[in-house]
């Protein structure tokens with residue numbers, strides 16, 4: 001290289017170096033500028049997506065593992081506004097195939113476009129069968145592949161996007177609907193176990209940021225699904241009880257029917273139903289079916305005056321205190337004055353000398369009012385409360401009623417005539433309440449309370465807490481729920497005496513509740529219903545109920561039946577008792593319970 | 001002679017083209033090394049990006065499959081519902097049995113239908129004493145060696 005050219009090279013090198021330094025200098029200032037910070041912030045925002053992972057809702061099974069509530073794939077139909085070619089065609093296709101309103105869809109698309117939106121939802125919770133119609137909309141083209149987010153194979157409908165997601169589904173439709181409750185589109189449980197165990201079933205959604213940069217991808221967190229529940233319900237028994245009640249309503253013309261079947265040793269509810277029932281897959285019908293007069297589950301949510309079925313509580317209290325025995329004789333004159341009112345028997349007749357067993361067998365109001373007088377208000381209400389009346393039983397179903405029990409010294413009850421709030425009067429507890437309460441009038445209980453109280457006669461005086469959930473499956477483990485006990489209102493001796501009395505009284509009166517081959521115990525209850533407008537009891541409007549169990553020597557089931565306002569007869573012995581027998585007749589087959597003689601013979605072998 | 005040789009070697013060492021070759025070789029070497037590093041980096045980055053995308057895809061696939069399984073399970077329950085089963089039983093000529101038509105037979109050792117269903121292992125009973133793990137799963141290496149020497153010592 002000639003030496004005289006060196007300065008030129010040096011000048012060029014200095015020039016390049018200057019340019020390079022200028023670029024570096026500029027780059028440094030751009031990196032540190034507020035705009036750069038803003039761009040960095042934006043890039044950070046676009047480098048990851050915010051996502052909420054909703055765990056699938058836990059399933060609900062019956063005691064034998066049959067699915068009662070699961071999850072089904074449904075679709076959200078949306079529209080990508082950028083790809084919309086013909087809004088009318090989209091509206092037409094959706095109204096024809098999916099059943100959405102043509103004008104509504106068209107207006108929605110126009111509104112989305114006017115708002116400058118990128119994507120809009122046109123419909124949701126669409127069943128897969130309807131999506132299949134859309135996928136094969138154009139008969140000249142092959143159907144759109146399953147799994148594709150595009151709804152349709154028609155190019156005009158390319159803007160329609162179908163996104164699958166899970167929604168609650170009830171394979172048994174209206175079976176056990178009063179117990180299960182339902183889940184609405186906002187994922188909230190309503191009524192029954194769906195609402196009672198909402199948090200457990202729904203699980204906990206987790207918010208996460210998913211990086212869009214594949215180099216930074218991380219495993220998605222394993223969000224545990226909602227817990228699954230195993231109910232104590234037996235699907236076959238539940239279906240049978242619902243069938244029997246439907247037949248009973250048709251036969252007796254009753255306004256409603258309610259039944260509970262329970263394992264009286266453990267408190268496990270094998271079946272529970274009341275009318276009307278709801279197809280849970282079409283829960284929108286709820287508002288048409290239910291109102292204040294038709295609660296979702298009468299077995300736990302509605303109170304009624306139980307009538308003579310309540311006499312077992314009065315009698316149990318008196319026996320427990322030693323005031324009477326089954327052989328104690330009472331001379332029934334057909335009328336008993338107490339607290340300023342006259343108490344009469346159901347047929348208005350005098351029954352003469354009767355043992356306590358006879359009093360229960362013939363369901364004599366006069367006798368039981370007299371027993372109540374012997375007990376006195378303090379003891380009587382002590383036993384009533386000890387048997388759990390006036391308190392929820394603790395059954396794991398949403399919205400359990402407590403019943404209505406007025407005690408001496410309680411604040412007055414406001415009783416209004418009809419819906420007229422101006423025409424109300426205060427009702428205080430008086431002695432006459434004691435007299436009527438002894439045979440189950442003037443107080444109100446839930447069927448569940450009645451059943452719970454009766455379990456004391458089976459479990460040596462100890463009441464079992466009824467429950468609906470047998471086990472919880474969470475994080476791959478099953479947690480079984482053991483029986484729990486509510487209290488011991490009476491002694492074991494009293495319980496055995498009561499059980500024998502109720503079995504004998506049923507046998508001696510040749511009740512329609514009897515089932516050949518099986519020794520059963522139970523009690524009927526007929527209660528007049530007060531007119532809501534006048535408050536006066538209407539002798540032709542009754543609640544008829546029956547609670548019983550069997551086999552008496554080794555109880556396997558307890559069955560409660562309540563018919564509201566039967567038309568064919570006002571008496572429980574002619575309406576509710578045969579329904580009890582119908583249920584038990586089929587129940588013993590489903591539960592593999594041989595007739596007593598065969599069972600005892602087999603046990604002795 | 002020796003001196004002449006040294007001069008020639010010196011002259012060879014100082015030839016301008018040889019220096020240029022050394023410089024070019026050095027720069028080329030640096031470039032090759034940088035290119036290799038870049039290639040390795042690019043390769044690793046591309047592979048991790050592909051794997052990352054695959055992970056995302058598999059996660060999405062897993063979610064779809066879980067959803068599908070759940071859907072299938074519910075659809076199966078629809079097919080096996082009480083209503084459907086009763087209809088199928090009726091179509092096959094079955095009728096509900098009356099209690100009087102049943103003959104009960106005592107079967108030794110038969111304990112009746114199992115009570116309740118187990119959808120998952122019961123809590124607190126995963127590894128019960130009735131199903132102990134083999135020693136191979138619980139022994140450490142030292143345990144195993146100790147047992148081995150103990151066995152050998154026995155002979």
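Could you check the simple spin-label distance between residue A:114 and residue B:137, using points 7 Å along Cα→Cβ, in nm with one decimal?
6.8 nm
Taking beta carbons within 10 Å but only from partner chains, what does the mean come to for residues B:40-49? If you can, show how the numbers build up before the last one.
On the way: counts 0, 0, 0, 0, 1, 2, 2, 0, 4, 5.
Whole-number average of other-chain Cβ neighbours for B:40-49 is 1.
Need one word for chain B: rounded, prolate or oblate. Basis is the Cα gyration tensor (sqrt eigenvalues a ≥ b ≥ c); a/c below 1.5 gives rounded, then a/b vs b/c decides.
Working: a/c = 7.38, a/b = 2.31, b/c = 3.20.
Judged from the Cα gyration tensor, chain B comes out oblate (a/c at least 1.5, b/c at or above a/b).
Let a ≥ b ≥ c be the square roots of the eigenvalues of the Cα gyration tensor of region A:72-169; is it rounded (a/c under 1.5), or, if not, prolate (a/b larger than b/c) or oblate?
Numbers: a/c = 1.60, a/b = 1.22, b/c = 1.31.
Oblate.
For a quick check: sort A:591, A:468, B:72 by the number of other beta carbons within 10 angstrom, fewest at the front.
On the way: A:591 18, A:468 24, B:72 13.
In increasing order of surrounding Cβ atoms, one gets B:72, A:591, A:468.
What Kirkwood Rh does region A:1-118 have if only Cα atoms enter the pairwise 1/r average? Answer in Å.
On the way: mean 1/r = 0.0448 Å⁻¹.
Mean inverse Cα-Cα distance, inverted, gives 22.3 Å.
What distance in nm separates the simple spin-label points at residue B:144 and residue A:163, each placed 7 Å from Cα in the Cβ direction?
With each label point 7 Å from Cα toward Cβ, the separation is 5.2 nm.
In whole Å, what is the distance between the alpha-carbon centres of region A:453-494 and region A:148-189?
Each part reduced to its Cα centre gives a spacing of 38 Å.
Going by average Cβ density within 10 Å per residue, which order do the peptides A:369-382, A:572-585 take, highest to lowest? Walk me through the numbers before you get to the answer.
Details: A:369-382: 19.4, A:572-585: 25.4.
Going by the mean number of other Cβ atoms within 10 Å, highest first, we get A:572-585, A:369-382.
Once each part is reduced to its C-alpha centroid, what is the distance from region A:382-411 to region B:56-108 in angstrom?
40 Å
Rounded, prolate or oblate: which fits region A:360-485 when a ≥ b ≥ c are the square roots of the eigenvalues of the alpha-carbon gyration tensor, with rounded for a/c under 1.5 and prolate only if a/b beats b/c? Mind showing how you got there, number by number?
On the way: a/c = 2.91, a/b = 1.54, b/c = 1.89.
Here region A:360-485 falls in the oblate category.
Just to confirm the number: angle between the C-alpha axis of helix A:311-320 and the first principal axis of chain A, 0 to 90 degrees, nearest 10?
Roughly 70 degrees, rounded to the nearest 10.
Spin-label point model (7 Å from Cα, Cβ direction): what's the residue B:115 to residue B:152 distance in nm?
Label-label distance for residue B:115 and residue B:152, simple model: 5.6 nm.
When the helix-only estimate is applied to chain A (DSSP H runs of n ≥ 4, each -39,500 (n - 2.57), divided by the residue count), what is the mean residue ellipticity at 222 nm, nearest 500 deg cm²/dmol? Write down the numbers at each step before the final one.
On the way: 19 runs with 206 residues, N = 605.
-10500 deg cm²/dmol, from helical runs alone.
Enter the angle in degrees (range 0 to 90, nearest 10) between the Cα long axis of helix A:492-508 and the first principal axis of the Cα atoms of chain A, meaning the one along which they spread out most.
70 degrees
By DSSP, what percent of the beta bridges with both residues in the protein assembly as shown are antiparallel, rounded to the nearest 5? Before the final figure, lay out the partial values.
Numbers: 83 of 87 bridges.
Given both bridge residues lie in the protein assembly as shown, the antiparallel proportion sits at roughly 95 percent.
If only Cα atoms are counted, what is the Rg of chain A, and what is its Dmax, in Å?
My reading of the Cα-based Rg and Dmax gives 35.3, 149 Å.
Rounded to the nearest 10 degrees, what's the angle between the helix A:87-97 long axis and the longest principal axis of chain A, both from Cα atoms, 0 to 90?
30 degrees
For residue A:286 and residue A:29, calculate 0.36 nm times their separation in residues minus their Cα-Cα distance, and state this gained length in nm to one decimal. Please report the intermediate quantities before stating the final value.
Numbers: separation 257, 0.36 × 257 = 92.52 nm, distance 6.67 nm.
Going from the current span to full extension adds 85.8 nm.
Using only helices, what value at 222 nm comes out for chain B when you add -39,500 (n - 2.57) per DSSP H run of length 4 or more and divide by the total residues, to the nearest 500 deg cm²/dmol?
Working: 5 runs with 104 residues, N = 155.
Helix-only estimate at 222 nm: -23000 deg cm²/dmol.
Kindly state, to the nearest 0.05, the FRET efficiency for residue A:53 paired with residue B:102, given R0 = 60 Å and r defined as their beta-carbon distance.
Working: r = 52 Å, r/R0 = 0.87.
Computed FRET efficiency for residue A:53 and residue B:102: 0.70.
Taken together, the values in this text are just the output of simple stated rules run on the coordinates, not laboratory data. Just so it is clear, the model here is predicted, and its values are computed rather than measured. So basically every Cβ, Gly included, is an ideal-geometry build from the backbone, and we count neighbours across all protein chains shown.
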